[in-house]
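Trainee: Shown below is the structure under consideration.
The values are calculated or read from the model by the stated rules, or taken from the named source; none is laboratory data. Everything numeric here is computed off the predicted structure, so don't read it as measured data. Cβ: placed from backbone, ideal geometry, glycine included. Neighbour counts: every protein chain shown.
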């Protein structure tokens with residue numbers, strides 16, 4: 001009888017213990033801190049999205065996968081699938097560099113104009129798989145705003161951006 005009672009109590013205890021896990025976990029925050037244009041050519045270009053991932057939890061998180069869609073002024077620029085693992089220490093920030101290629105034909109004149117200024121209006125939608133002490137969690141996120149835009153040396157075969165117009 002005691003053995004039967006113990007077997008019945010075990011799943012109940014496990015369920016009650018796990019029911020508190022979502023209260024302890026807070027979603028990490030994804031923020032685009034900068035866009036770096038590495039080069040543009042006749043058909044398109046490449047840029048890096050510099051993304052800060054903030055962990056508000058009292059335990060480390062490990063990202064195992066990150067998928068991001070990137071839009072500028074309602075034009076879809078590109079999709080990124082980042083498969084490298086990354087770690088975000090407890091109550092800390094990790095910075096990721098996400099490369100994206102774009103084609104002029106797909107982004108329209110709004111993006112061309114936005115690239116000419118010192119900052120860029122964006123919308124970033126995505127999903128991250130984060131490993132927690134309790135297992136993997138899928139974290140959807142959406143972020144929009146303006147991010148500073150900088151330029152680096154052009155890639156071979158690419159032309160550099162024109163100087164930024166004054167506002």
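Trainee: Of everything in the range 65-90, what is within 14 Å of residue 131 (Cα to Cα) and loosely packed, with under 14 Cβ neighbours inside 10 Å? Give them in sequence order.
Mentor: Within the range 65-90, the first condition is being within 14 Å of residue 131 (Cα to Cα), and the residues that meet it are 65-66, 83-90.
83, 84, 85, 87, 89, 90 - these are the residues of the range 65-90 that are within 14 Å of residue 131 (Cα to Cα) and loosely packed, with under 14 Cβ neighbours inside 10 Å.
Trainee: Spot the failing condition for residue 93; the list is (1) surrounded by fewer than 15 Cβ atoms within 10 Å (Cβ to Cβ); (2) modelled with pLDDT of 95 or more; (3) farther than 21 Å from residue 35 by Cβ, and only one is missed.
Mentor: (3)
Trainee: Could you tell me which of the residues 99, 162 is surrounded by fewer than 16 Cβ atoms within 10 Å (Cβ to Cβ), at pLDDT 90 or above and closer than 19 Å to residue 43 by Cα?
Mentor: Working: 162 fails: at pLDDT 90 or above.
Testing whether each residue is surrounded by fewer than 16 Cβ atoms within 10 Å (Cβ to Cβ), at pLDDT 90 or above and closer than 19 Å to residue 43 by Cα leaves just 99.
Trainee: Among the residues of the range 117-130, write down those that are at pLDDT below 95 and surrounded by 14 or more Cβ atoms within 10 Å (Cβ to Cβ). Walk me through how you get there before you give the answer.
Mentor: Applying the first criterion (at pLDDT below 95) to the range 117-130 yields 117-122.
Result: 117, 119, 120, 121, 122.
Trainee: A follow-up question, please. For residue 15, are the conditions met, namely being touching a helix residue (DSSP H, G or I) at 6+ places or on another chain (Cβ under 9 Å), over 23 Å from residue 144 (Cα atoms) and at pLDDT below 95? Before the answer, list the steps.
Mentor: Numbers: touching a helix residue (DSSP H, G or I) at 6+ places or on another chain (Cβ under 9 Å): no; over 23 Å from residue 144 (Cα atoms): yes; at pLDDT below 95: yes.
Spelling it out, it is not the case that residue 15 is touching a helix residue (DSSP H, G or I) at 6+ places or on another chain (Cβ under 9 Å), over 23 Å from residue 144 (Cα atoms) and at pLDDT below 95.
Trainee: A further question on this structure: Counting only residues that are at pLDDT 90 or above and surrounded by fewer than 19 Cβ atoms within 10 Å (Cβ to Cβ), which one in the range 20-45 is farthest from residue 116 (Cα to Cα)? Steps first, please.
Mentor: So the first thing to find is which residues in the range 20-45 are at pLDDT 90 or above, and the list is 25-36.
Filter once more, keeping what is surrounded by fewer than 19 Cβ atoms within 10 Å (Cβ to Cβ): 25-27, 29, 31, 33-34, 36.
On the way: 25: 41, 26: 38, 27: 34, 29: 29, 31: 22, 33: 18, 34: 15, 36: 12 Å.
If we take residues in the range 20-45 being at pLDDT 90 or above and surrounded by fewer than 19 Cβ atoms within 10 Å (Cβ to Cβ), then 25 is farthest from residue 116 (Cα to Cα).
Trainee: On to the next question. If a residue has to be under 16 Å from residue 127 (Cβ atoms) and part of a loop (DSSP other than H, G, I, E, B) to count, how many in the range 50-83 make the cut?
Mentor: So the answer is 1.
Trainee: Would the range 58-66 turn up any residue that is more than 16 Å from residue 94 (Cα to Cα) and in contact (Cβ under 8 Å) with a residue 24 or more places away in the chain?
Mentor: No.
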